[in-house]
Amino acid sequence: MLRIDALTKRFGDKTAVDAANIFVDKPTMIGIIGRSGAGKSTLLRMVNRLSDATSGTITFEGEEISALRGAAKRDWQSRCAMIFQQFNLVPRMDVVSNVLHGTLNKRSTFATLFNLYPQSDIHKAIEILDRLGIAEQAPKRAEALSGGQQQRVAIARALMQDPKIILADEPIASLDPMNAQVVMQALRRIHEEDGRMVIANLHTLDTARRYCDRVIGMRDGRIVFDGTPEQLTTGVARDIYGAGADFSEAATSTEIETLERPELRAAEAYV
Amino acid sequence: MADISLGGAAQSVGSIQSSYMAQVHRRRLYGGLTLLIFVVLMVSGFNVADDRNAGGFWEGLHQISDYPADVLSEAWEKRADLPGLVAKYFPALVETINIAAVSTLIGAIGGLFLSLLGTRGLAKWPRLIPLFRRISDIMRAVPEIVIALVLIFVLGGGPVPAMIAIAIHTAGALGKMFSEVAENADLKPVEGLASTGATWSQRMLLGVLPQVAPNYLSYSLLRFEINIRASAILGFVGAGGLGYELRNAMAWGPGRFDEAAAIFILLFGTIVFFDQVSSRYRNRLTEGQGQ
């Protein structure tokens with residue numbers, strides 16, 4: 001389905017992504033992990049075509065994505081939804097309008113200007129919101145919602161696009177553990193129920209381990225690990241993060257469960 | 001998407017959908033009404049203006065190009081004289097640019113003080129904020145040409161009244177723009193400096209100016225462009241520079257249209273030149289800020 005070949009991005013003399021190769025043959029939930037600055041966001045932004053690659057190609061179902069221009073590029077973007085760390089909603093517009101933005105690629109500027117969305121789209125938007133458990137928030141302004149709710153609105157906007165791929169750039173990095181869990185479960189459910197490919201940048205190991213079928217580790221722009229969560233041992237994780245022997249997974253954890261593990265609680269008691 | 005996973009809440013979804021649809025219909029109705037009122041006002045306003053017009057808009061429309069055609073044809077006949085005329089009026093152009101530059105500089109300094117004294121959180125005397133704001137309102141409310149006419153009456157014709165007139169208007173206009181930028185400035189550095197016992201001017205100089213300097217410079221450059229045009233226009237009321245020469249050339253009517261054309265070329269070229277230069281610098285300033 002998705003093939004990324006020798007994809008490279010340079011900013012001046014700095015190489016953000018260095019000859020990345022990824023092949024995905026069926027819809028999978030993929031987690032990309034690595035330190036900040038490892039090139040995870042740049043990689044996703046290139047797949048969505050928010051930024052152009054310096055060299056290399058992205059191919060999806062036989063179509064070369066990295067060569068698309070203009071309307072064809074925007075059409076690809078409508079098939080490849082993106083979720084951001086800071087949600088990137090329009091704060092002063094209501095929740096349903098924000099979700100309806102997922103259909104902008106199919107609408108003219110004139111129709112958008114006068115808010116002329118078809119009734120079926122509006123109903124569908126509210127159904128998606130209901131699926132994510134936030135239908136009651138529909139008429140509120142996006143800025144009035146909590147972070148976790150806003151991120152679910154962003155996921156609803158992504159679903160409204162009816163995409164083949166959902167890219168999530170640090171979707172839970174600015175959320176508290178409880179909301180992070182809700183958002184990750186929503187992404188997992190979308191993957192399982194709709195069969196959509198989900199690629200998520202994650203900054204915590206246990207999230208990747210728990211929700212993803214496949215984990216890709218990046219360090220300094222290179223892909224240094226690509227395998228199943230089981231293959232991701234503590235030693236491999238240390239390599240990815242470039243950490244010493246004092247590296248512990250619990251230190252990077254945002255999961256509630258981790259803290260509830262009895263042996264950890266006992267260990268904490270001694271600290 | 002057919003897969004609504006939580007069937008239990010279906011009824012409430014239905015009511016949310018219908019209430020939201022009602023809201024959408026109401027909004028569309030208001031939007032349509034607003035658009036209708038706008039169109040009606042535009043059309044009726046145009047008709048009223050057209051009725052009161054001495055000549056009438058539609059009758060005059062086809063004559064719009066007559067005057068430029070006269071100027072251009074005469075200038076084309078005497079095209080050999082143009083370089084000489086351009087050289088002849090170049091000193092007047094320098095005078096115009098001088099007026100604009102000096103008045104922008106003085107106006108920007110005035111606007112800087114007005115903005116810092118009139119911004120909440122930064123003002124030295126918070127109680128006087130309304131006073132400084134009204135001063136800057138008044139300074140920019142009075143058109144340059146009115147101030148210039150008064151000053152020319154008092155001081156006599158020449159570049160100095162024009163310079164003062166433009167500087168006053170610039171100080172008011174930039175004071176407003178500057179204070180909007182300053183309102184968004186981060187107050188934490190100012191607080192940090194205050195905690196070390198810095199005076200008000202030290203706090204402004206070190207805490208606020210570094211943050212706002214790129215925007216201030218960018219606005220000042222924009223104002224400089226505007227002031228070149230303003231100082232050319234003020235020439236029409238006897239304030240010297242290129243506008244004065246242009247008025248003379250145009251007032252003489254046919255026979256001196258070549259001079260008018262030369263002045264137009266100078267004025268147009270200068271405005272384009274400074275537009276380009278300042279937009280390049282403004283781009284660099286705002287882009288540099290983003291990094």
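The values are calculated or read from the model by the stated rules, or taken from the named source; none is laboratory data. None of these values were measured; they are calculated from a predicted model. Neighbour counts are summed over all protein chains in view; Cβ atoms, including those assigned to glycine, are modelled from backbone coordinates with ideal geometry.
Just for the stretch A:134-158: of the residues that are within 10 Å of chain B (Cβ to nearest Cβ) and without any contact (Cβ under 8 Å) to a residue 40 or more places away in the chain, which one is surrounded by the fewest Cβ atoms within 10 Å (Cβ to Cβ)? Give the steps one after another, and end with the answer.
Initial filter on the stretch A:134-158 (within 10 Å of chain B (Cβ to nearest Cβ)): A:135-139.
Okay, now just the ones that are also without any contact (Cβ under 8 Å) to a residue 40 or more places away in the chain, so A:135-136.
Values: A:135: 24, A:136: 14.
Filtering the stretch A:134-158 for residues that are within 10 Å of chain B (Cβ to nearest Cβ) and without any contact (Cβ under 8 Å) to a residue 40 or more places away in the chain, the one surrounded by the fewest Cβ atoms within 10 Å (Cβ to Cβ) comes out as A:136.
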Filtered residues of the stretch A:98-133 (kept if surrounded by fewer than 22 Cβ atoms within 10 Å (Cβ to Cβ) and among the polar types (S, T, N, Q)):
A:103, A:105, A:108, A:109, A:112, A:115, A:119, A:120
Selection from the stretch B:153-163 of residues in a helix (DSSP H, G or I) and surrounded by fewer than 20 Cβ atoms within 10 Å (Cβ to Cβ) yields B:153, B:154, B:155, B:160
Is there a residue being small (Gly, Ala, Ser), surrounded by 20 or more Cβ atoms within 10 Å (Cβ to Cβ) and within 14 Å of chain B (Cβ to nearest Cβ) anywhere in the stretch A:58-81?
yes
Six or more apart or on different chains, Cβ atoms under 8 Å: show the pairs whose first residue is in the stretch B:20-46 and away from chain A (no Cβ under 13 Å) and whose second is among the hydroxyl-bearing types (Ser, Thr, Tyr) and not in a helix (DSSP H, G or I).
none
Kindly indicate the residue of the stretch A:159-170 that is touching a Cys at 6+ places or on another chain (Cβ under 7 Å) and of a type in the set (A, V, I, L, M) and also farthest from the other protein chains (Cβ to nearest Cβ) among those meeting that condition.
A:167
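Quick one: count up the residues across the stretch B:78-105 that are farther than 21 Å from residue B:271 by Cβ and part of a helix (DSSP H, G or I). If you could, list the steps in order and put the result at the bottom.
Of the residues in the stretch B:78-105, the ones farther than 21 Å from residue B:271 by Cβ are B:78-81, B:84.
Those left that are additionally part of a helix (DSSP H, G or I): B:79-81, B:84.
Adding up the residues that qualify gives 4.
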Residue pairs, Cβ under 6 Å, 6 or more apart or interchain, first in the stretch A:233-255 and among the basic types (Lys, Arg), second modelled with pLDDT under 85. List them.
A:238/A:247
Here are some residues: A:200, A:173, A:180. Which one is within 18 Å of residue A:33 (Cα to Cα), more than 14 Å from chain B (Cβ to nearest Cβ) and surrounded by 24 or more Cβ atoms within 10 Å (Cβ to Cβ)?
A:200
Counting just the residues of the stretch B:192-205 that are loosely packed, with under 12 Cβ neighbours inside 10 Å and over 31 Å from the mean Cα position of the chain (by Cα), which one comes out nearest to residue B:113 (Cα to Cα)?
B:199
Is it true that some residue in the stretch B:136-150 is under 25 Å from residue B:200 (Cα atoms), free of Cβ contacts under 8 Å to residues at least 24 places away in the same chain and not β-branched (Val, Ile, Thr)?
no
In the stretch B:132-151, what residues are loosely packed, with under 13 Cβ neighbours inside 10 Å and farther than 30 Å from residue B:244 by Cβ?
B:134
All but one of (1) out of contact with any Asp or Glu (no Cβ under 9 Å at 6 or more places or on another chain); (2) more than 14 Å from chain B (Cβ to nearest Cβ); (3) assigned to a helix (DSSP H, G or I) hold for residue A:237, so report the exception by its number.
(1)
Restricting the search to the stretch A:99-130, which residues are under 22 Å from the mean Cα position of the chain (by Cα) and more than 12 Å from chain B (Cβ to nearest Cβ)?
A:101, A:103, A:104, A:105
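Taking the options A:35, A:45, A:10, name whichever one is farther than 20 Å from residue A:170 by Cα and touching a strand residue (DSSP E or B) at 6+ places or on another chain (Cβ under 8 Å). First the steps, then the outcome.
On the way: A:35 fails: farther than 20 Å from residue A:170 by Cα; A:45 fails: farther than 20 Å from residue A:170 by Cα.
Every option except A:10 fails the conditions.
Inspect the stretch B:172-191 for any residue being part of a helix (DSSP H, G or I) and either in contact with a strand residue (DSSP E or B) (Cβ under 9 Å, 6 or more places away or on another chain) or of a type in the set (Phe, Trp, Tyr) (or both) and give the result as yes or no.
Residues of the stretch B:172-191 part of a helix (DSSP H, G or I): B:172-183, B:188-191.
Still in the list and also either in contact with a strand residue (DSSP E or B) (Cβ under 9 Å, 6 or more places away or on another chain) or of a type in the set (Phe, Trp, Tyr) (or both): B:178.
Taking every residue of the stretch B:172-191 in turn, at least one turns out to be part of a helix (DSSP H, G or I) and either in contact with a strand residue (DSSP E or B) (Cβ under 9 Å, 6 or more places away or on another chain) or of a type in the set (Phe, Trp, Tyr) (or both).
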Cβ-Cβ under 7 Å pairs, at least 6 apart or on other chains, the stretch B:194-218 side in contact (Cβ under 8 Å) with a residue 40 or more places away in the chain, far side in a helix (DSSP H, G or I) and of a type in the set (S, T, N, Q)
B:214/B:286; B:214/B:289; B:218/B:286
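Based on this model, can you work out whether residue A:94 counts as farther than 24 Å from residue A:193 by Cα, acidic (Asp, Glu) and within 11 Å of chain B (Cβ to nearest Cβ)? Walk me through it before giving the result.
Numbers: farther than 24 Å from residue A:193 by Cα: yes; acidic (Asp, Glu): yes; within 11 Å of chain B (Cβ to nearest Cβ): yes.
Against the criterion (farther than 24 Å from residue A:193 by Cα, acidic (Asp, Glu) and within 11 Å of chain B (Cβ to nearest Cβ)), residue A:94 qualifies.
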What number of residues in the stretch B:166-184 are out of contact with any Pro (no Cβ under 9 Å at 6 or more places or on another chain), touching a residue at least 40 places away in the same chain (Cβ under 8 Å) and over 15 Å from residue B:217 (Cα atoms)?
5
How many of the residues in the stretch B:60-104 are surrounded by 15 or more Cβ atoms within 10 Å (Cβ to Cβ) and among the aliphatic types (A, V, I, L, M)?
12
